[in-house]
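See below for the structure under consideration.
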Amino acid sequence: MKRIDNRMDNQARPCTMQIDFVETADGSCLISTGKTRVICTASVEERVPPFLRGQGKGWVTAEYAMLPASTGSRKQRDGIKKDGRSVEIQRLIGRSLRQAVDMTKLGERTITLDCDVLQADGGTRTASITGAYVALVLAVDKLMKNGLLHENPIIGQIAAVSAGVVDERAMLDLCYVEDSGAEVDMNFVMNQRGEFIELQGTGEGRAFTNRELGALLAYGRKGVRTLMHSQRAALQGRGEHLLAPTRLVIASGNAHKIKELKDIFGSSYELISMKEAGFDGDIEENGTTFEQNAAIKAEAIMRETGLPVLADDSGLSVDALSGAPGVHSARYAGDHGNDEANNDLLLANMKDQQNRGCKFVCAMALALPSDQTRVVVGECAGQLLSERSGEGGFGYDPLFMYETGKTFAQMSEKQKNSISHRANAAEKMRELLYEVL
């Protein structure tokens, strides 16, 4: 059932970010999330608060205010003493965005982030954090272009979103009508590594269950990921080079595979193993296709870690063996990962076969919290040799001869990674990641 603005429960409001909205600021962003609009500006001062003087460290702080007409009925302007809600929110903004900056690299200067709400329709604090981050990056970019900073102090990407339980349904990014009637209200502030900076959750009308918390967490992660994509789009050509790479879990403990993917993807993403992400369980790969197994692995680890997960299932498909070893490539001879035994069995099964056509296949799946799993497939055709050739690579590489006349095991890692089945799948995945992360 659709919501009052026709969104799905796990769908965020449309978000736009207009940079340089205030030309006199060191950095500025007008953020609109649904009908909520906030002007976020960054101002740089070549000084720090007294408690930091002489320490070689900088400071990031924030102020927040709702303009008089922002709520429909006129709101009194904040005087010398702000109302308690504004103080709470500006402290939250400051705490959150200090996590984005290495204060030592910033030097003894202060960046003040002013967040002024033009129109409020729920989620003003989360919109302020998300927009103020963009203004912060623009201010740092200006400092660096003017030669006042020589090393990038931005160490994290920060965004925030709300979620809640309304009419017994978990929902993402509540508008005012939903927020005012929510039984449970939560705010998520997260970084690009999928870590929580602040998590505010309250049972407004009733206590909430572990199941509801799990749904809200998944929605929150999805919402933050979407907003970070919008931040990078807004900063394209101005400050995106300053941003830290997004964390992506590789569903593997195979050191060779992880190294290959790191070489293929380069520095665009922070790739970590599933063990580094905190997953060390077993996954039953009971699919009948490479695509099914890749999705099974990615989704299992995503559910456990809450992070975007990239999984691949790959193997060798031999024409004369009706596609075998196929999904059983890694355990063809019985023991998982016994390359020597697998190659021996394959050679034995192909003895006296004239048709030596074969191909490596790689299905690569991307699993995202509260979102559909995407799968792409890459292939690399070749010929199966009757004896091993080459000392490099792993798996069936010594038996697989590419059209160049070299086996994968005879190629350098760079050569192999430019034409392999995994490289072909990764190129398709790279385009997909740009759209969704």
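What tally of residues in region 4-51 results from selecting those that are of a type outside the set (A, V, I, L, M), more than 18 Å from residue 240 (Cβ to Cβ), surrounded by fewer than 16 Cβ atoms within 10 Å (Cβ to Cβ) and touching a Cys at 6+ places or on another chain (Cβ under 9 Å)?
Looking only at that region, the number is 2.
Looking at region 165-184 only, could you name the residues that are at positive phi and buried (at least 22 other Cβ atoms within 10 Å of the Cβ)? Steps first, please.
Taking region 165-184 as the starting set, the residues that turn out to be at positive phi are 167-168, 173.
Hit for region 165-184 is 173, nothing else.
Among the residues of region 411-435, write down those that are in contact with a strand residue (DSSP E or B) (Cβ under 9 Å, 6 or more places away or on another chain) and either surrounded by 23 or more Cβ atoms within 10 Å (Cβ to Cβ) or within 25 Å of residue 347 (Cα to Cα) (or both).
If the condition is that a residue be in contact with a strand residue (DSSP E or B) (Cβ under 9 Å, 6 or more places away or on another chain) and either surrounded by 23 or more Cβ atoms within 10 Å (Cβ to Cβ) or within 25 Å of residue 347 (Cα to Cα) (or both), then 419, 420, 421, 422, 425, 426, 429 are the ones that fit.
Can you confirm whether region 356-375 contains a residue that is outside the structural domain of residue 216 (by TED's automatic domain parsing), more than 33 Å from the chain's Cα centre (by Cα), surrounded by fewer than 17 Cβ atoms within 10 Å (Cβ to Cβ) and not in a loop (DSSP other than H, G, I, E, B)?
Start the filter on region 356-375 by keeping residues that are outside the structural domain of residue 216 (by TED's automatic domain parsing), which leaves 356-375.
Narrowing further to those that are more than 33 Å from the chain's Cα centre (by Cα): 356-358.
Going one step further and asking which of them are surrounded by fewer than 17 Cβ atoms within 10 Å (Cβ to Cβ), we end up with 356-357.
With not in a loop (DSSP other than H, G, I, E, B) added as a condition, the list becomes 357.
There is at least one residue in region 356-375 that is outside the structural domain of residue 216 (by TED's automatic domain parsing), more than 33 Å from the chain's Cα centre (by Cα), surrounded by fewer than 17 Cβ atoms within 10 Å (Cβ to Cβ) and not in a loop (DSSP other than H, G, I, E, B).
Would it be correct to say that residue 157 is buried (at least 19 other Cβ atoms within 10 Å of the Cβ), touching a residue at least 12 places away in the same chain (Cβ under 8 Å) and not hydrophobic (A, V, I, L, M, F, W, C)?
yes
Spot the failing condition for residue 105; the list is (1) in contact with a Pro (Cβ under 9 Å, 6 or more places away or on another chain); (2) buried (at least 18 other Cβ atoms within 10 Å of the Cβ), and only one is missed.
Here residue 105 clears every test but (2).
Hey, any hits in region 188-203 for a residue that's of a type in the set (Val, Ile, Thr) and assigned to a helix (DSSP H, G or I)? If you could, list the steps in order and put the result at the bottom.
Step one: list which residues in region 188-203 are of a type in the set (Val, Ile, Thr), which gives 189, 197, 202.
Now restrict to residues that are assigned to a helix (DSSP H, G or I): none.
No - not one qualifying residue is present in region 188-203.
Among the residues in region 75-83, are any out of contact with any Cys (no Cβ under 8 Å at 6 or more places or on another chain) and either buried (at least 17 other Cβ atoms within 10 Å of the Cβ) or not assigned by TED's automatic domain parsing to the domain that holds residue 37 (or both)?
Looking for residues that are out of contact with any Cys (no Cβ under 8 Å at 6 or more places or on another chain) and either buried (at least 17 other Cβ atoms within 10 Å of the Cβ) or not assigned by TED's automatic domain parsing to the domain that holds residue 37 (or both), one finds none in region 75-83, hence no.
Being surrounded by 13 or more Cβ atoms within 10 Å (Cβ to Cβ) and at pLDDT 95 or above is the filter; apply it to region 204-213 and report the residue that is farthest from residue 133 (Cα to Cα). Lay out the reasoning, then the answer.
Initial filter on region 204-213 (surrounded by 13 or more Cβ atoms within 10 Å (Cβ to Cβ)): 204-205, 208, 212-213.
From what's left, at pLDDT 95 or above: 208, 212-213.
Working: 208: 31, 212: 29, 213: 27 Å.
The selected residue is 208.
Which of the following residues is assigned to a loop (DSSP other than H, G, I, E, B) and among the basic types (Lys, Arg): 238, 247? Give the steps one after another, and end with the answer.
Working: 247 fails: assigned to a loop (DSSP other than H, G, I, E, B).
Every option except 238 fails the conditions.
Determine which member of the set 312, 319 is modelled with pLDDT under 95, in the same structural domain as residue 348 (by TED's automatic domain parsing), within 19 Å of residue 359 (Cβ to Cβ) and of a type outside the set (Phe, Trp, Tyr).
Details: 319 fails: modelled with pLDDT under 95.
None of the other options fit; the residue is 312.
State all residues of region 186-218 that are free of Cβ contacts under 8 Å to residues at least 60 places away in the same chain, among the β-branched types (Val, Ile, Thr) and within 26 Å of residue 90 (Cα to Cα); if no residue qualifies, say none.
Answer for region 186-218, where residues must be free of Cβ contacts under 8 Å to residues at least 60 places away in the same chain, among the β-branched types (Val, Ile, Thr) and within 26 Å of residue 90 (Cα to Cα): just 202.
Got at least one residue in region 399-416 being aromatic (Phe, Trp, Tyr), in contact (Cβ under 8 Å) with a residue 40 or more places away in the chain, within 24 Å of residue 292 (Cα to Cα) and outside the structural domain of residue 233 (by TED's automatic domain parsing)?
No, because not a single residue in region 399-416 is aromatic (Phe, Trp, Tyr), in contact (Cβ under 8 Å) with a residue 40 or more places away in the chain, within 24 Å of residue 292 (Cα to Cα) and outside the structural domain of residue 233 (by TED's automatic domain parsing).
For region 343-376: of the residues being free of Cβ contacts under 8 Å to residues at least 60 places away in the same chain and in contact with a strand residue (DSSP E or B) (Cβ under 7 Å, 6 or more places away or on another chain), which is farthest from residue 12 (Cα to Cα)?
Filtering region 343-376 down to residues free of Cβ contacts under 8 Å to residues at least 60 places away in the same chain leaves 343-358, 372, 376.
Checking the rest, the ones that are also in contact with a strand residue (DSSP E or B) (Cβ under 7 Å, 6 or more places away or on another chain) come to 346, 350, 356-358, 376.
Details: 346: 51, 350: 55, 356: 52, 357: 49, 358: 46, 376: 26 Å.
Checking each candidate, the answer is 350.
Can you name the residue in region 334-355 that is under 16 Å from residue 394 (Cβ atoms) and small (Gly, Ala, Ser) and is also surrounded by the most Cβ atoms within 10 Å (Cβ to Cβ) among such residues? Working first, answer last.
Here is the first cut: in region 334-355, the residues under 16 Å from residue 394 (Cβ atoms) are 335-344, 346.
With small (Gly, Ala, Ser) added as a condition, the list becomes 337, 341.
Numbers: 337: 11, 341: 14.
Only one residue fits best here, namely 341.
Among the listed residues 294, 234, which satisfies the condition of being outside the structural domain of residue 370 (by TED's automatic domain parsing) and in contact (Cβ under 8 Å) with a residue 12 or more places away in the chain? Quick ask: steps written out before the conclusion?
Values: 294 fails: outside the structural domain of residue 370 (by TED's automatic domain parsing).
Being outside the structural domain of residue 370 (by TED's automatic domain parsing) and in contact (Cβ under 8 Å) with a residue 12 or more places away in the chain holds for just one of 294, 234, which is 234.
Which residue, of 250, 258, is crowded, with 22+ Cβ neighbours inside 10 Å and either assigned by TED's automatic domain parsing to the domain that holds residue 310 or touching a Leu at 6+ places or on another chain (Cβ under 6 Å) (or both)? Spell out the reasoning first.
Values: 258 fails: crowded, with 22+ Cβ neighbours inside 10 Å.
Every option except 250 fails the conditions.
The values are calculated or read from the model by the stated rules, or taken from the named source; none is laboratory data. For clarity, every value in this text was computed on a predicted model and none was experimentally measured. Cβ: placed from backbone, ideal geometry, glycine included. Neighbour counts: every protein chain shown.
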